[in-house]
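What follows is a short report on a single structure.
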Amino acid sequence: MLKMSLKYKGGKVKKILFLSLIVLFISTIAAAQGNRAEPITRKGMKSVYLELGGNGLYITLNYEHFLSHQLALRAGGMILPSNDGAIFFGTLMGNMVMGDGNLCLETGLGLFIYGGGWEEFSSSGSIALTGTVGLRYHPKRSGVVLRLGFTPIVASGGVFPWVGASIGYTFK
């Protein structure tokens, strides 16, 4: 009779242990599903930032719009007063942002537009090619965006190596 009661208690303990493991397993699955990270995409995000140096040479105000998670279109510019009126510097670019985290690699290609009396390029104004290869801190939702990159300009006078840094804000 003693043996029988031990078996009975052992069977009961096994059932309780088995049911506890099932409850633990189901609660773990449920918690994991509730904590799943939703896929974040940059599509539709917009950024406004000031760029020091970079594709616009001095200080430019830029607006950028993401067409997809990786591809963005950007326009920026500035106007400087001069003895002959004003000098305009501007950029129109397509940028590719690679990486799913906040810190990404950025590459881009576009046009550097200038007008006014700047002898290194042209006294009447013209268009040159420009590019970007750099690092970018871009938040997943909204917040401060930081950029640092190599931004050469290719004009009729040659290749002008340049660097730039940007700070701004990104939003949906």
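The numbers here are math on the coordinates, done by the rules we state, and not lab data. Everything numeric in this text was worked out from a predicted model, so none of it was measured. Ideal geometry is used to build each Cβ from the backbone, glycine not excepted, and the neighbour counts take in all protein chains shown.
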Checking the a/c ratio against 1.5 first, then a/b against b/c, what shape does the Cα gyration tensor give for the stretch 46-171? prolate
Gain upon complete extension [T107, S68; 0.36 nm per residue less C-alpha separation]: 12.6 nm
Cut-off 15 Å between beta-carbons: net charge of the residues surrounding L148, Lys and Arg +1, Asp and Glu -1: 0
If I take R0 = 30 Å and measure r between the Cβ atoms of D84 and L135 in this structure, what FRET efficiency does the formula 1/(1 + (r/R0)^6) give, to the nearest 0.05? 0.20
What is the sum of charges, Lys and Arg at +1 and Asp and Glu at -1, for the other residues whose Cβ falls under 10 Å from the Cβ of L67? +2
Average Cα contact separation per residue, the stretch 46-171, under 8 Å, 6 or more apart, as relative contact order %: 24 percent
